[in-house]
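Asks: Shown below is the structure under consideration.
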Amino acid sequence: MITLEAPRSLAGEANPWQTLGLSKAGLARFVNRARAAAGLKGEVHVLLANDTTLRRLNRQFRGKNEATDVLSFPAGDAGLGVAGDLAISLETAARQAARFGHSLRDEVRVLLLHGVLHLAGFDHEEDAGEMAAREAELRRELGMKTGLIARASGRVVRKRGQA
């Protein structure tokens, strides 16, 4: 099961997902496919927010006073049927989508996959490339062109005309 929460800034919109160019059902299907591919059991709750919210969460939980694209919060007790929570900044995702020449939908999927892997116990800051390898494998399985770790390591082709 998945819970998706649209940004509060769109609370008055009749269909906030359409305003964003996203489909709640499509994102839910993708998270479920990513969860299954990663072997992750339990519910995933996803908050789609802005840079201000991600900065606050990053400061509060990681001691980093900066906005980020995705944060993962493993539940810690799988017995409750919850794998954890993901928070994604749509503002950062939109900038990254423009930078890498793809849609917001595709960028959110990149971030969701990355977050799901963190919920499954992977940590690219601590491992010796295991998460990068698994992300690459799941990208291929899920039909994705790029992933977060591959981009961070510079192994991705950027939009034409960009450094």
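Derivation of every value follows stated rules applied to the coordinates shown; laboratory data play no part. In this text, all values refer to a predicted model and were calculated from it rather than measured experimentally. Here the Cβ positions follow ideal geometry from the backbone for every residue, glycine too, while neighbour counts run over all protein chains shown.
Asks: Which whole-number percent is the relative contact order of segment 2-152 (Cα, under 8 Å, 6+ apart)? Numbers along the way, then the final one.
Replies: On the way: 230 pairs, mean separation 32.5, N = 151.
Across segment 2-152, relative contact order equals 22 percent.
Asks: Tell me, what is the FRET efficiency for residue 104 and residue 32 to the nearest 0.05, using R0 = 22 angstrom and their Cβ-Cβ distance as r? All intermediate terms of the calculation are to be shown ahead of the outcome.
Replies: Details: r = 20 Å, r/R0 = 0.90.
In this case the efficiency is close to 0.65.
Asks: May I ask for the percentage of alpha-carbon pairs in segment 2-152 that lie more than 29 Å from each other?
Replies: Roughly 10 percent, once rounded to a whole number.
Asks: Next question. Using the per-residue mean of other Cβ atoms lying within 10 Å as a proxy for protection, in what order, highest first, do the peptides 34-46, 93-105, 125-137 fall?
Replies: Numbers: 34-46: 18.2, 93-105: 16.4, 125-137: 14.5.
So the peptides 34-46, 93-105, 125-137, ranked by packing, come out 34-46, 93-105, 125-137.
Asks: Now for a separate question. Using a 7 Å offset from the Cα along the Cα-to-Cβ direction at both residue 65 and residue 95, what is the distance between the two label points in nm, to one decimal?
Replies: The modelled label-to-label distance comes out at 1.8 nm.
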